[in-house]
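Each remark here refers to the structure printed beneath this line.
The values are calculated or read from the model by the stated rules, or taken from the named source; none is laboratory data. Owing to the predicted nature of the structure, the values given are computational and were not obtained by experimental measurement. Because the Cβ atoms are built from the backbone with ideal geometry, glycine has one as well, and the counts that use them run over all protein chains shown. Note: accessible area is taken over every heavy atom of the protein model, side chains too, but ligands, DNA and RNA are not part of it. Shrake-Rupley method; radii C 1.70, N 1.55, O 1.52, S 1.80 Å.
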Amino acid sequence: MHSTRPAVFDDDPAALHVLWHALVPEPGGPDVRIRAVMISSVDGTTAVDGRSRPLGTPTDRLVYDAMRARADVVLVGSGTALAEGYGPARIASAWADRRPRPAPPVLVLTRSLPGELIAQCCSAGGGLEIAAAATTPRERVDAAREAGVTVHVMPDGPYTEALRTLLRDLGAREVAFEGGPRLLGEFLTQGLVDELVLSLAPEIVVGGRGPWLVTADEPRRVPMRVATAFTCPRGGLYTRWVVGRAPTDVGGTGSVDRADWADEANG
Ligand SMILES: NC(=O)c1ccc[n+]([C@@H]2O[C@H](COP(=O)([O-])OP(=O)(O)OC[C@H]3O[C@@H](n4cnc5c(N)ncnc54)[C@H](OP(=O)(O)O)[C@@H]3O)[C@@H](O)[C@H]2O)c1
């Protein structure tokens, strides 16, 4: 039984210990683990007035900060980095003793490398780097580098392998992938996400405008299994999901194949 219900999180070393261990990834798995970290309301809304912060709770903040404190690299889409005003990662004081090394770099994924993103990386003064697609125009890469921004260009080839190769070259074993919904849709479809750490905010946004947890052109079904779930006195549900490997088409009335999870559960 993986569920746990700590009484209080704030300033409670025992609860912090439980939370930290709830976020340890599943054993086995690939050498580079991509772990998505998201928050949504109960109806699946991920932003209010274009930002996710209003959905956050103190417990969600602890989860988010812990995932950064665990990570070798933070990965995020350019839409999110711009909308949320990303800067360099910092290690929260609650987790500082568990991470005796500098905060991870934040890698912003982009294809077009817009000027706005270059300006944001410059004003961050380091710690916010670019991961450009192999197809990103050369002049955009040169413009960013001339402005002093670190740009990693993804190797040619299938996207999944290119991204894992880049992350491996950066020495990343554990990656906190912070969305957004469009990139999460792409990554899930391509089998790039190994786990989803999802906070459900204790509210429904009636008439919310999205974006919803995952956005994609083609609907796909991705099998998942819950590995950890807990709540806290102030509400909210904090979960860690393991992602199945093969997305399937939507259609018909059948359920997705969960045989692999059943086998695992039966030992
Ligand atoms: N609640 C949450 O947990 C949460 C988390 C994150 C974001 N959000 C919200 O979601 C919104 C932003 O998310 P979003 O879905 O619009 O954008 P996003 O997924 O963060 O970023 C999309 C961008 O990523 C780049 N990209 C996509 N595929 C790529 C690829 N294969 N290679 C390289 N770059 C690629 C492109 O950047 P270029 O256009 O630069 O080429 C694309 O426009 C905001 O409102 C934010 O507040 C919520």
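Per-structure values
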{"quantity": "Residue match in the range 34-51 (condition: among the hydrophobic types (A, V, I, L, M, F, W, C), open to solvent by less than 10 Å² (accessible area, probe 1.4 Å) and either farther than 20 Å from F187 by Cα or under 13 Å from the mean Cα position of the chain (by Cα) (or both))", "calculated": "yes"}
{"quantity": "Residue that is farthest from the ligand (Cβ to nearest atom) [pool: residues in the range 129-143 that are under 28 Å from L188 (Cβ atoms) and either open to solvent by 40 Å² or more (accessible area, probe 1.4 Å) or not β-branched (V, I, T) (or both)]", "calculated": "E129"}
{"quantity": "Test: residue in the range 53-63 that is β-branched (V, I, T), at pLDDT below 95 and open to solvent by 20 Å² or more (accessible area, probe 1.4 Å)", "calculated": "yes"}
{"quantity": "Selected residue (only one of V76, V149, V108 is at pLDDT 95 or above and more than 10 Å from the ligand (Cβ to nearest atom))", "calculated": "V149"}
{"quantity": "Unique match (being charged (D, E, K, R), within 27 Å of D72 (Cβ to Cβ) and either more than 9 Å from the ligand (Cβ to nearest atom) or at pLDDT below 95 (or both)) among E218, E161", "calculated": "E161"}
{"quantity": "Considering residues of the range 14-33 that are open to solvent by 50 Å² or more (accessible area, probe 1.4 Å) and of a type in the set (A, V, I, L, M) only, the residue nearest to W241 (Cα to Cα)", "calculated": "V24"}
{"quantity": "Only one of G85, G115, G126 that is of a type outside the set (A, V, I, L, M, F, W, C), under 20 Å from the mean Cα position of the chain (by Cα) and open to solvent by 20 Å² or more (accessible area, probe 1.4 Å)", "calculated": "G85"}
{"quantity": "Residue check for I118: within 30 Å of W20 (Cα to Cα) and either within 11 Å of the ligand (Cβ to nearest atom) or of a type in the set (S, T, Y) (or both)", "calculated": "no"}
